[in-house]
Every structure is written in structure tokens, then in C-alpha cells.
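Here is the structure we will look at.
The values are calculated or read from the model by the stated rules, or taken from the named source; none is laboratory data. Please read these numbers as outputs of a predicted model, since none were measured by experiment. All Cβ positions, glycine included, derive from the backbone under ideal geometry; neighbour counts span all protein chains shown.
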Amino acid sequence: MNTEKFCVYVLRWRFSVVCLSLAITLLCGCGKQETNTITVYVSADEQIARIVIDDFTSQTGIEVAWVGDTEASKTTGLVTRLRREASRPVADVFWSSENIGTIQLAQEGVFDSCSTTVTAAWPAEYRDPSAYWFAFSPRARVIAYDPTVTNVKEMPAYWWEYTDAAMADPRFGTTGTHLAVMAEDANRFNSFAQELGNTPLLGGNAATVQAVIDGSARYAMTDSDDVHAAIARGASIAMLMPRHHAGVGGGTLLIPNTVAMIADCQHPEQAKLFIDFMLSDHVATLLAESSSKNIPLQKTVAEQFPDLVVQDPLQVDFIAAAKRRNKTIDLVMQSLKEARAK
């Protein structure tokens, strides 16, 4: 090869190297921009989620692409989606408005352990032992009633006596969670399930509250946030917190929000920041001040919202409840089917 051809060859090689380097630089630049976005699956109500997520973006500069769920399939639709995407995750974080679906996903290996200074300090009773999920800002399970129609002093004191109350479809959302918790007392629950034959079964908790407002149901099994929302709209509605059993720790069931990081997610560092944010006093305050009036777990925040404090919450083994949830729901649906066939 003569000198001229050799020089041309070197110039061409250098140009190729420069182009390749430029391409790599551009790709890396795009990657850095993409890491400033996080994908979150959210089963909380849209108006509540938007307040929190917009605040996160404002404070961190991290944009959030979030996917919600419908009222009728609350949580369950996203749980199913996360199972389907487990081998090729799309989401970075799951923010659920209940906890049993989250517990089940953790047991199936859908989540990754999230270890930060904030999560390490989170109370043990509100987190997974292996840091796969964290519970915060619960809602209470309540009976909704119309105070102009029903005298609260005449209402039953225990959940077991509300077999005629309107109930959301237990295959979705917090109703199934509540029934799974009640099923710990197997004998009592079997009798309870058998007596549910006249229970109006509706699409969601908001629908059960509306049934009371419309007068088609005297009572409704629901969540406290749905009652608060109806009160804010000016509806004639109130709520009672029946007990589950006598004695300390037998009172109101609190169903927390949960947050978890998806295993093999694309943006783990941003996911950790989001989880730390969700466990902050700031978010607890936002949720307590919101229309859902979530109950803050942090003592310093709870002191600012004395009207939301539940004096005697039900002591629950949610891990055990998660194991019997599917069987419990099958039992209830079969009882309803048999009652309607008579």
C-alpha cells in the first residue's frame, strides 16, 4: 500500500471512530434524559394521586408517567398487570390503595428490596421484613348510613350484624381484604357468609355509599374516604366504625396504602426517591388534608389531625389474611350465588 492510500485509509478509519463515538455520546445523553422519568402504577383515586405526584415532580424534577385503575377493579387490575409484566417490567413503583394484593405480589417475587435511610427507619409493623413493601396513610373500614333516616344509637355495634348492608364486589379492592381479615374467625365468618344472601352487591365502595344516599340501601360496607367524599359533596351521609370483637385491639380495621419497588425496574434510584417521598411527613399531611382524609401513622402528623385518629384499631395479621383471601372470596361468591338461586 502506497503512502497516499495509507493516509486515506487512516482518515476513513478515524472518521468512522469519531462517528461511532458521537453516536455513543448521543445515546448516552438520551439515556440520561430518560432516567429523569419514572413510571408508577397507582390504584389510589386519580385526584389524590395527581396532588402527590405533581408535588413529587415539583420537588425533585423527576417526571412521573403514571397508570391508574378503574373504580370497579381497584387494585386488582394493576396487580394482574404486574404479574403479567413480571419478566419484562414496565413500572418502577407500585402505589396501591390497599395491602393484600401488594403482599401477594411480594411473595411472588414481583418486588425488589428497597433499602434507604428512610425505609430502614420505618416502623417494623408497617413494612415487609425484607423491605419489599411499606405501608402508610390508611383508610378505615366503616358502615355508611343516612343520619336523617337512621339513629346511630340504634345501630349494631359489631360488623357481624351487617349482613344486609350494601357491599362492593369482593373480588376487587378493599372489600375482599376486609372479608379475608374477618375470616380469621372461621366459624363466625362461615355463618356470616351464609347470611349474606340479601346483600346488595355493587361495583365499588363509592357505589355502596351512593346506594345509601339514594335510599336503596340502609347501610353500606365501605371505606372512610368514600364517606368523606360524599359529605364534601353535601350528601346526607355519616359513618360508624363497628367493632370486630370485644377487648383491646378488636376495633376498626385500617387498610393502609402501600408502596413498593418493582424488581428489575429501569430506574431503581428514582424509584427509591419516590418511595422515600411517599413515606414522608409531608405526604402524610397531604393525604390527611385531601378529600380522602387518610389517617396519618406518624405521631407528629396525627397530632395535627385529632379528628382522624382511630382510638382502637383492629390488630391484624395481614400476611395470614393474604394467604386466605382467594379462598375467602370464593366462599362468599358461592354463598351469594346459592342464595340468589333459591
Problem - Residues of segment 118-128 satisfying the condition of being free of Cβ contacts under 8 Å to residues at least 40 places away in the same chain and in a helix (DSSP H, G or I) - result: Ala120, Ala121, Ala124, Glu125
Completion exercise
In the set Asn257, Asn294, the lone residue that is part of a loop (DSSP other than H, G, I, E, B), closer than 21 Å to Glu125 by Cα and in contact with a strand residue (DSSP E or B) (Cβ under 7 Å, 6 or more places away or on another chain) is Asn294
Practice task
Please find, among Arg83, Arg14, the residue that is among the charged types (D, E, K, R), surrounded by fewer than 17 Cβ atoms within 10 Å (Cβ to Cβ) and either over 22 Å from Phe111 (Cα atoms) or at pLDDT below 90 (or both).
Solution key: Arg14
Problem - Lone unmet requirement of (1) in contact (Cβ under 8 Å) with a residue 60 or more places away in the chain; (2) of a type in the set (Val, Ile, Thr); (3) surrounded by fewer than 24 Cβ atoms within 10 Å (Cβ to Cβ) for Val93 - result: (3)
Handout entry: Search result, residues across segment 85-115 that are among the hydrophobic types (A, V, I, L, M, F, W, C), in contact with a Leu (Cβ under 9 Å, 6 or more places away or on another chain) and within 19 Å of Pro256 (Cβ to Cβ)
Key = Phe94, Leu105, Val110, Phe111
Practice task
For segment 166-208, name all the residues that are without any contact (Cβ under 8 Å) to a residue 24 or more places away in the chain and acidic (Asp, Glu).
Solution key: none
Practice task
State yes or no: is Thr174 in contact with a helix residue (DSSP H, G or I) (Cβ under 9 Å, 6 or more places away or on another chain), within 26 Å of Ala341 (Cα to Cα) and crowded, with 16+ Cβ neighbours inside 10 Å?
Solution key: no
Practice task
Check Ala131 against each of (1) modelled with pLDDT of 95 or more; (2) in a loop (DSSP other than H, G, I, E, B); (3) crowded, with 21+ Cβ neighbours inside 10 Å and name the one condition it does not meet.
Solution key: (3)
